[in-house]
Protein chains: 2
Amino acid sequence: MTDFCGAVDVGGTKIASALFTREGEISAGKKVAIDNAGGDAAASQVRDEIAALAEAARRAGGRLAAVGVCVPGIVYSASGKVWAPNIPGWDQYPLLKKIGGLSPQRAVPLVLESDRSAYVAGEAWKGAAAGARDAVFLAVGTGIGAGIISGGRILHGHEDIAGAVGWFGLDPDFKPEYASMGCFEAEASGNSVARKARERLAKGRPSAMLDLAGGVIEAVTAEIVAAAARRQDPPAMEVVADVVTYLAMGIANIVSILNPEVVVLGGGLFQAADLFLEPVRREFKRWTQPLAARSVRIEPSALGEDAGLYGCGRLAWRTLEAES
Amino acid sequence: MTDFCGAVDVGGTKIASALFTREGEISAGKKVAIDNAGGDAAASQVRDEIAALAEAARRAGGRLAAVGVCVPGIVYSASGKVWAPNIPGWDQYPLLKKIGGLSPQRAVPLVLESDRSAYVAGEAWKGAAAGARDAVFLAVGTGIGAGIISGGRILHGHEDIAGAVGWFGLDPDFKPEYASMGCFEAEASGNSVARKARERLAKGRPSAMLDLAGGVIEAVTAEIVAAAARRQDPPAMEVVADVVTYLAMGIANIVSILNPEVVVLGGGLFQAADLFLEPVRREFKRWTQPLAARSVRIEPSALGEDAGLYGCGRLAWRTLEAES
């Protein structure tokens, strides 16, 4: 009988699931919209997806040996409770108990992780960090956070909130917006790109960004900034250069303290690879411990939106290896 | 027969050694000056100290069960080679082989670590971080570096140079001195305190620091800056405030990425606790992920110059526990 591990990636709007063989072959991939009610309704969906994976494993002539589940927020490892700000009612919510307590008759080992830990586990299994025992996944989208593997193990910290690098202090000139989200996130997230552009436009600077936004400053997005920068629009290029500096510093700080083999960059911002990825690769070195800078690779995510699924699959297999 | 573990802390000028019981009782403490020739002569001294510890253990009615050795630099864990810039010839020097190959007839398990990893291991055993599974030792003296324990294990990184936090980028305005030592070290080490004061004096600013230095700008030290700041000397107070900001940011970045239970502050700078420790404890929070800031303790080293010895003793005992 073939063993499969199940993976359930719970996002803010959808739940993705799949089966994985020990070798990392994916099958039975599926996505469903998450119940807007959140709470027990969303947990019930997770339970249903696990049951569906068990059924899919049986149909494939095997069995579901373990399941990995990741959530968009914090997983408190001691209690199995979660905090996921985009899912109503998931605040100190006992997710592990809810999905474990009502699983099919035959109990299946369950592992619960934060999404960013799943991303780095996935990339270190079958993605841009494949085989690495020291790897970091840096997600730069609307926010900034990191998943960390060090010496082959996921790093959780004392209270399961390690990787909050959006809070990196990178500029001693403290600005009011740092207080709510942290300096790095305020200076280099996708939202900050748009905000910095709008600030420049509000000062009356002429820019192609305004035309692209239909003349409405508030309609300027990170995508519009990128498009204008590619047309050599000076204010847009300034914004990009400014953000690149902070990204380079943030990545440098990760590399100097952790000495990883690879840093995988994910999230929306790095889809503009020409504007952000290549300049960051050049600039991070001046800010980094030189030996650590020389040996680290800076790579875009290879798994994209499947990184979490692969990570859940990997973590489920790891659970079995640790038990045997 | 009582088991003892030996500890040998190799510094730039001296070699300290001691025996430890499993409970952390220290005995047979001893210090010798290190041979200026470095190389094999220094390695031979380490070997002699290990032999002396074995003899001391026998005299106490026991035996030497394992030995921990730390060196002031990098230990390459795969090869047992070391890089210690203050010891001549210890550049890719095969220290583990040299001291293991010529040990007393009965081979004793040997563990080799960097000094900063030993410091954090010592403080997490019997010092300011006693019992913590997530702890950081931040040394701020002539340079800046960190030893890290995460999830109960020392964090080494891909090439054994994790903890190079002196390279943290904390100010986007890149200054020439950052290129050789890193931004954090250039802005907040003991040497930088003196340099910042001298720069102010060179601009002709009146200051009590000049009197304390006998009128010679080059004679201003960090100690003189501290003495003048305590007398409310404005340029000295500016230097202290400036350094406190960077220290707060650097500690904040460590706390946000690692989520430790405790950060232990060591090195010369924090001996001026009134000027640096208390202000840093107040200021780091605004730069730190709020949940991580709330739960972390910021403590001065409890073991002082014995931290490395305790760490070596702890690591030796850990080796035995891992084997049994």
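Given a cut-off of under 8 Å on Cα pairs at least six residues apart, what relative contact order in percent is computed for chain B?
Details: 669 pairs, mean separation 66.9, N = 324.
Reported as a whole number, the value is 21 percent.
Structure shown: which of B:Lys175/B:Lys196; B:Lys14/B:Lys196; B:Lys175/B:Lys203 lie over 22 Å apart, alpha-carbon to alpha-carbon? Kindly include the intermediate steps, with their values, before the conclusion.
Values: B:Lys175/B:Lys196 13 Å; B:Lys14/B:Lys196 31 Å; B:Lys175/B:Lys203 19 Å.
B:Lys14/B:Lys196, as the Cα separations exceed 22 Å there.
Can you bin the protein assembly as shown into rounded, prolate or oblate? Criterion: square roots of the alpha carbon gyration tensor eigenvalues sorted a ≥ b ≥ c, rounded for a/c under 1.5, prolate for a/b above b/c, oblate for the rest.
oblate
Could you let me know the centre-to-centre spacing of the range B:242-313 and the range A:39-118, using Cα atoms, in angstrom?
Using only Cα atoms, the two centres lie 37 Å from each other.
Going Cα to Cα from A:Lys98, which lysines come in below 17 Å? Please leave out same-chain ones fewer than 8 positions away.
Once the sequence-local lysines are set aside, what remains near A:Lys98 is A:Lys81.
Treating the point 7 Å from Cα along Cα-beta-carbon as the label, what are the nm separations from A:Asp91 to the other copies, to one decimal?
Copy-to-copy label distances at A:Asp91, shortest first: 5.9 nm.
Between A:Ile217 and A:Asn36, what FRET efficiency follows from the Cβ-Cβ distance if R0 is 45 Å, with the result rounded to 0.05?
0.90
Return the whole-Å distance between the Cα centroid of the range B:197-221 and the Cα centroid of the range A:121-186.
Between the Cα centres of the range B:197-221 and the range A:121-186 lies a distance of 42 Å.
In what sequence do A:Val111, A:Val140, A:Val244 fall when counting other Cβ within 10 Å, fewest first?
Least crowded to most crowded, the residues run A:Val244, A:Val111, A:Val140.
What distance in nm separates the simple spin-label points at B:Gln232 and B:Thr21, each placed 7 Å from Cα in the Cβ direction?
It works out to 5.3 nm between the two label points.
Counting only DSSP beta bridges with both residues in the range A:131-301, tell me the antiparallel percent, nearest 5.
Percent antiparallel among DSSP bridges in the range A:131-301 is about 45.
All of the numbers you see were taken from the coordinates with simple rules; none came from a lab. This one's a predicted model, so the numbers in the text were calculated from it and none came from an experiment. Every residue, glycine as well, gets a Cβ built from its backbone with ideal geometry; the counts of neighbours run over all protein chains shown.
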